[in-house]
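Only one structure is covered here, and it is reproduced in the block below.
The values are calculated or read from the model by the stated rules, or taken from the named source; none is laboratory data. Quick caveat, the model's predicted, so the values are computed rather than measured. For neighbour counting, all protein chains shown are included, and Cβ atoms are generated from backbone atoms with ideal geometry for every residue, glycine included. The protein model used for the area step is the full one, side chains on, heavy atoms only, and it has no ligands, DNA or RNA in it. Shrake-Rupley method; radii C 1.70, N 1.55, O 1.52, S 1.80 Å.
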Amino acid sequence: GIQVEQSPPDLILQEGANSTLRCNFSDSVNNLQWFHQNPWGQLINLFYIPSGTKQNGRLSATTVATERYSLLYISSSQTTDSGVYFCACPSVGKLQFGAGTQVVVTP
Amino acid sequence: EAGVAQSPRYKIIEKRQSVAFWCNPISGHATLYWYQQILGQGPKLLIQFQNNGVVDDSQLPKDRFSAERLKGVDSTLKIQPAKLEDSAVYLCASSFNSQETQYFGPGTRLLVL
């Protein structure tokens, strides 16, 4: 199956800072999703982005399918952005999740 | 629109006991998923239903885990008997079909002592 690698594993940000999270995948995909898992464990869909760029408020994502990576940008981070960010790709009919990036935003 | 509902939210049991989790998907969603998320890892698919049929249960430990979705709506996941390594969050998700975005419930945190 497909391998999904995320970097960095951990990120500490001061409120207001910008950051970029990366997701590499080992095979071509027809979709890719980014999720945010908040400190209470709820997984929330951020983007469904097989290719191109999408923006939602302070978050945006870009997937370059031909080069097998996706980037998630957080701008002007807030404490509510804390949590774990996962990317996931379909593999043999199921979603394969990366190990996640743990983000802590300090006031 | 109501989201995916799960219960209970928390459960503590002793090893060798049995436990059951319940999931109610978003109305109209034909595809339902159960995931296991061990601390520090991403979710791992246990079983996928399309309506009331099983699409994929290749990673379900069938000697102790079972799941059903008898009427194609609600689903239950059971563990019998539980082991220490089953301590995890069990997440239910649903989607309109298997190609669409998955929406996750709040999860059930299981601790096996």
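Things worth noting here:
- Qualifying residue in the stretch B:79-87 (condition: of a type in the set (S, T, Y), within 12 Å of chain A (Cβ to nearest Cβ), in contact (Cβ under 8 Å) with a residue 12 or more places away in the chain and out of contact with any Cys (no Cβ under 6 Å at 6 or more places or on another chain)): no
- Selection of the stretch A:93-107 for residues being farther than 13 Å from A:N31 by Cα and in a loop (DSSP other than H, G, I, E, B) yields A:G98, A:A99, A:G100, A:P107.
- Test: residue in the stretch B:71-81 that is open to solvent by 80 Å² or more (accessible area, probe 1.4 Å), over 27 Å from B:A2 (Cβ atoms) and outside any strand (DSSP E or B): yes
- Selection from the stretch B:99-113 of residues that are more than 7 Å from every other protein chain (Cβ to nearest Cβ) and either within 19 Å of A:N30 (Cβ to Cβ) or open to solvent by less than 30 Å² (accessible area, probe 1.4 Å) (or both): B:Q99, B:E100, B:G105, B:T108, B:L110, B:V112
- For the stretch B:28-53, the candidate set comprises residues that are of a type in the set (A, V, I, L, M) and either assigned to a loop (DSSP other than H, G, I, E, B) or open to solvent by 10 Å² or more (accessible area, probe 1.4 Å) (or both); within that set, the residue that is farthest from B:R64 (Cα to Cα) is B:A30.
- Here the condition is being under 14 Å from the mean Cα position of the chain (by Cα), more than 14 Å from chain B (Cβ to nearest Cβ) and under 23 Å from B:S95 (Cα atoms); of A:S75, A:S70, it holds for A:S70 alone.
- Sole exception among (1) within 24 Å of A:L46 (Cβ to Cβ); (2) at pLDDT below 95 for B:Q50, by number: (1)
- Subset of the stretch A:44-82 (residues that are more than 16 Å from A:V103 (Cα to Cα), out of contact with any strand residue (DSSP E or B) (no Cβ under 6 Å at 6 or more places or on another chain), open to solvent by 70 Å² or more (accessible area, probe 1.4 Å) and of a type in the set (V, I, T)): A:T66
- Test: A:W40 is surrounded by fewer than 13 Cβ atoms within 10 Å (Cβ to Cβ) and closer than 18 Å to B:P43 by Cα: yes
- Per this entry, A:N18 is not counted among residues that are in contact (Cβ under 8 Å) with a residue 12 or more places away in the chain and open to solvent by less than 60 Å² (accessible area, probe 1.4 Å).
For every residue, the table says whether it meets (1) aromatic (F, W, Y); (2) at positive phi; (3) in contact (Cβ under 8 Å) with a residue 60 or more places away in the chain.
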| site | (1), (2), (3) |
| --- | --- |
| A:T80 | no, no, no |
| A:V84 | no, no, no |
| A:C89 | no, no, yes |
| A:V92 | no, yes, yes |
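- Residues that are within 20 Å of B:G3 (Cα to Cα) and within 12 Å of chain A (Cβ to nearest Cβ), drawn from the stretch B:48-68: B:Q48, B:Q50
- Taking the stretch B:54-70 as the range and being at pLDDT below 95 and in a strand (DSSP E or B) as the test, the residues that pass are B:V54, B:V55, B:D56.
- Elements of the type strands (runs of 3 or more DSSP E) sitting completely within the stretch A:1-77 and holding at least 1 residues that are closer than 19 Å to B:Q99 by Cα and in contact with a His (Cβ under 6 Å, 6 or more places away or on another chain): these cover A:43-48.
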